[in-house]
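S.K.: My questions all concern the structure below.
The values are calculated or read from the model by the stated rules, or taken from the named source; none is laboratory data. Owing to the predicted nature of the structure, the values given are computational and were not obtained by experimental measurement. Here the Cβ positions follow ideal geometry from the backbone for every residue, glycine too, while neighbour counts run over all protein chains shown.
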Amino acid sequence: NEFSNQYVLMELANGGTARVTEARTFGWCKPSSYISALYGTKGGYEFSNAQHILVQSAWENEKEKVKLSDVSDYVNTDGMVANKHHPDFKEMVANGEWQGSYVAAVQQKEMQRLPKAFETEPNGHMATHKLLVDDFCKAVYNNETPALNAWTAARYTIPGLVAIESAKQGGMPLPVPDCGEPPRIRRM
C-alpha cells in the first residue's frame, strides 16, 4: 500500500455510513501508542495511551447528551492498573511496559479456561495470543469453525483492500464483496 495515511467513507448494506481512518504515520512503536475511536448512533469508544472511554447516548428533554465512563481499569492490563499513579506511567505505557503477558480485568474469566500447560508459555499482544490459540485448537478438536476464521479475516481485510483500490482510482466508489458465512462443519 503506497498510502501511509488513508481515510475511507463507506455506504453500508443497511444504508448507514462508516468512516475509517488508517493512519500508520501516527503513533509510535508499541500497541498502546495509537489512538482509536469508534462512534455509532447509540454510543462510542475512545482510546489513547492508557485511557479508555465508553460513550453512551443519554436522551433528556429532546436534547442529545452523552454519558462518559472511564473503563480503563477494566480494559488495561493488571500491570497498568497497579502502576497507574507512577509519575512516568503514560511514557512507560507508550514504551510497552505492562503489555506482553499482563492480563486485563476483562480477560480474567477467559484466562481461567486455559489449560495449565499455557501458564508458563509466553504471551503477547496484550495477552490475547493464548486465548486465540485455545479457541483455534478447541474448534479443530471439536470439528467446529473457530470464532476467528478466514471469513472473519476477510470481512476485516477486504474493505481496506477495496479502499486502497478506490484511492488509486481517485476515490471512485467501488463495491465491497462479502464472502458470506463460513461453511457449516459436519460432525464426523
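S.K.: Return the residues of the range 70-92 that are in contact with a His (Cβ under 9 Å, 6 or more places away or on another chain) and either modelled with pLDDT under 90 or assigned to a strand (DSSP E or B) (or both); say none if nothing qualifies.
M.R.: If the condition is that a residue be in contact with a His (Cβ under 9 Å, 6 or more places away or on another chain) and either modelled with pLDDT under 90 or assigned to a strand (DSSP E or B) (or both), then 70 is the only one that fits.
S.K.: Any residue at all in the range 68-81 that's surrounded by 11 or more Cβ atoms within 10 Å (Cβ to Cβ), under 30 Å from residue 16 (Cβ atoms), within 20 Å of the chain's Cα centre (by Cα) and of a type in the set (D, E, K, R)?
M.R.: Yes, the range 68-81 contains at least one residue that is surrounded by 11 or more Cβ atoms within 10 Å (Cβ to Cβ), under 30 Å from residue 16 (Cβ atoms), within 20 Å of the chain's Cα centre (by Cα) and of a type in the set (D, E, K, R).
S.K.: Separate question: Quick check on the range 145-168. Is at least one of its residues over 22 Å from the mean Cα position of the chain (by Cα), of a type in the set (A, V, I, L, M, F, W, C) and closer than 30 Å to residue 7 by Cα?
M.R.: For the range 145-168, residues over 22 Å from the mean Cα position of the chain (by Cα), of a type in the set (A, V, I, L, M, F, W, C) and closer than 30 Å to residue 7 by Cα: present.
S.K.: Among the residues of the range 122-154, how many are touching a residue at least 24 places away in the same chain (Cβ under 8 Å), part of a helix (DSSP H, G or I) and surrounded by fewer than 13 Cβ atoms within 10 Å (Cβ to Cβ)?
M.R.: Within the range 122-154, residues that are touching a residue at least 24 places away in the same chain (Cβ under 8 Å), part of a helix (DSSP H, G or I) and surrounded by fewer than 13 Cβ atoms within 10 Å (Cβ to Cβ) number 1.
S.K.: On the basis of being under 17 Å from residue 47 (Cα atoms), in contact with a Ser or Thr (Cβ under 8 Å, 6 or more places away or on another chain) and surrounded by 14 or more Cβ atoms within 10 Å (Cβ to Cβ), does residue 105 make the cut?
M.R.: Values: under 17 Å from residue 47 (Cα atoms): yes; in contact with a Ser or Thr (Cβ under 8 Å, 6 or more places away or on another chain): no; surrounded by 14 or more Cβ atoms within 10 Å (Cβ to Cβ): yes.
No, not satisfied.
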